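To keep things clear, I will list the structure first and then write my remarks on it.
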Amino acid sequence: MQLHHAQVAIPPGGEDQARSFWIDIVGFTEIPKPEPMASRGGLWIRDGTCEIHLGIEEPFAPARKADPGLVVEDIDRLEERLGWAGYQTTEDTPIYGLRRFHVSDPFGNRIEFLGRSPDTGTPTG
C-alpha cells in the first residue's frame, strides 16, 4: 500500500494564495486536474511522488490538528524561506531522528515539515 495523495481544504477563491504558499515558497509544481474535476476549483500540486489536492470547502474551516507530514530535503532552508515570507514556524519534538516543525498555510491549516538537520543527525527508522 502507498499513499496516493493528501487532501487539504482551502476556501472558495483561495487558489492564488495557495499557489503563493505551496508553489512559490514550498516548491511544489501545479499539475492539471482531470477534466471532470477541473470545474470544482482548487488545484493539485506535486513534488516528486508527493501529491496534494487543494480542494474547495464551503463553508471552510481550517484543519488545526490534522496535518500532512511532508519530508523535505533541506528543512533549514525551507524554514528560512517561510520566515522571509512572513510565516511563523513552531518547532516540535524530533521523531525518527528527523527535525520537524509546523506552520499554518494562508488559511490556517496546520502543515508539518520533517527533515534532516545538522542537529538531528541520521534518521533511526
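Every number here is computed from the coordinates shown, using simple stated rules; none is lab data. All values derive from a computational prediction rather than experimental measurement. All Cβ positions, even for glycine, are placed from backbone atoms using ideal geometry, and neighbour counts span all protein chains on display.
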- Query: In debye, nearest 20: dipole of the chain around its Cα centre with unit charges on the Cβ of K, R (+) and D, E (-)?
  - Reply: 220 debye
- Note on the structure: Of all DSSP beta bridges with both partners in the chain, the antiparallel percent, nearest 5, is 70 percent
- Note on the structure: Contour minus Cα-Cα span, I31 to Q7, at 0.36 nm per residue, comes to 7.2 nm
- Task: Sort out for me the Cα centre separation of region 33-68 from region 76-112, rounded to whole Å.
- Result: 19 Å
- Given Cα pairs under 8 Å that are at least 6 residues apart, what percent is the relative contact order of region 6-115? 28 percent
- (i) -0.74, -1.15, -1.52; (ii) -0.99, -1.12, -1.24; (iii) -0.62, -1.00, -1.50: which one is log10 I(q)/I(0) by the Debye sum over Cα atoms at q = 0.14, 0.18, 0.23 Å⁻¹ as calculated from this entry? (iii)
- Mind giving me the nanometre distance, one decimal, between the label points for R64 and T93, set 7 Å out from Cα along Cα→Cβ? 2.2 nm
- Message: Calculate the FRET efficiency for D74 and I23 from the Cβ-Cβ distance with a Förster distance of 30 Å, rounded to the nearest 0.05.
- Response: 0.95
- Message: On C-alpha positions alone, give me the angle between the axis of helix 75-84 and the longest principal axis of the chain, in degrees, nearest 10.
- Response: 60 degrees
